[in-house]
Every structure is written in C-alpha cells, then in structure tokens.
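Student: Mind looking over this structure? Questions follow.
The values are calculated or read from the model by the stated rules, or taken from the named source; none is laboratory data. Computed from a predicted model, the values in this text were never measured in an experiment. Here Cβ is always computed from backbone atoms with ideal geometry, including for glycine, and neighbour counts include all displayed protein chains. Only protein heavy atoms, including side chains, enter the accessible area calculation; ligands, DNA and RNA are left aside. Shrake-Rupley method; radii C 1.70, N 1.55, O 1.52, S 1.80 Å.
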Amino acid sequence: VYLGGTGAANKLDDYEEGFHSFQCGDSSSYASASDTVVYTKVGNVVTLTCRATNIDTTGLTGTDQARFTVPFVAGSEYSYGTVYVRSAGDASFSGTHGIAITNSFDYFVITHVDNGAGMLVEDIASGITDLFFTFTYVVA
C-alpha cells in the first residue's frame with residue numbers, strides 16, 4: 001500500500017495483526033497465560049487491546065512488582081497509557097490507573113494514579129482480578 005505517492009518512502013510495508021499470550025510475572029518468572037492480547041503493528045508503533053480476566057499469580061513473589069508481557073520489546077522511548085483494574089487484591093488499585101513501559105523492556109507495569117506506586121503481585125487477587133486496556137507504544 002502506498003500513502004501520498006508511489007515512491008519508496010511512501011510505501012507501507014510493515015503491517016501486522018496478531019495475538020499475544022498475556023502473562024503476569026514478577027522479577028524472575030511468569031505465571032501461566034491468562035488471556036490473549038490483540039495487537040496491530042504499523043511500522044514501529046504497536047497498539048494492544050486486552051480484556052484479561054481472572055489473572056493468575058500462582059508461584060509468583062508477592063512483594064515483587066507485577067509485570068505484564070507485551071508482544072514486542074519497547075523502543076528507546078518511554079510510553080504511558082491507562083488501564084482499568086477490577087477486583088484488585090488491594091482495593092486502592094481497583095479503578096483506572098497508569099501503564100508504563102520502559103525502553104528496551106518486554107513488559108509493562110501498572111502505576112497507581114494517586115501516588116505513582118507500582119502494583120505488586122500481592123495487589124492482585126489471583127484468579128479474580130481483571131484488567132481492561134488499549135495501549136500504544138513504540139517498538140525497537
């Protein structure tokens with residue numbers, strides 16, 4: 001597909017749609033996949049849409065920051081978005097909060113909207129907590 005002309009610079013040749021097995025993890029491992037993220041990648045920009053229900057944290061360290069996988073490693077820019085958290089183990093994390101992905105990482109973290117604190121594994125009620133989000137970030 002060419003946009004705005006037929007020259008090589010106008011050719012859109014990097015487009016992909018797919019699914020990613022969404023996992024919750026700690027600093028050293030990930031629990032089993034809980035749901036599927038739908039993604040669209042155009043060039044180096046990826047948009048994720050997810051409804052992750054009953055997130056499993058079995059075997060994860062409760063005091064570690066919770067990490068959530070993404071299909072592509074983030075580029076050199078930080079990216080931010082929002083997520084709706086339902087039925088968190090820590091009631092203060094229920095509601096709308098932030099998503100942050102750091103350059104060169106393959107996961108994002110959830111940050112508390114009021115104080116910026118990162119969501120810990122123990123803040124998730126294993127098998128109960130749900131996440132809903134659409135998030136766009138730049139890849140490497």
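Student: In the stretch 46-67, which residues have a backbone nitrogen under 16 Å from the label point lying 7 Å from Asp14's Cα in the Cα-to-Cβ direction?
Tutor: 46-47
Student: Considering the values [x] 10, 29, 27, 19, 10, 5, 1, 0; [y] 12, 42, 30, 9, 6, 1; [z] 13, 46, 35, 6, 0, which represents P(r) over Cα pairs in 10 Å bins from 0, in percent as calculated for the structure under consideration?
Tutor: Answer by label: [y].
Student: State in Å² the accessible area per residue of the chain; use a 1.4 Å probe, count heavy atoms of protein chains only, and round to the nearest integer.
Tutor: Solvent-accessible surface per residue comes out at 50 Å².
Student: Determine the gain in length on full extension of the stretch Thr69-Ile128; use 0.36 nm per residue of separation and subtract their C-alpha separation, reporting nm with one decimal. Before the final figure, lay out the partial values.
Tutor: On the way: separation 59, 0.36 × 59 = 21.24 nm, distance 1.87 nm.
This chain segment gains 19.4 nm when fully extended.
Student: Can you send over the carbon and sulfur percentage of the accessible area for the chain, probe radius 1.4 Å, protein chains only?
Tutor: Carbon and sulfur together cover 50 percent of it.
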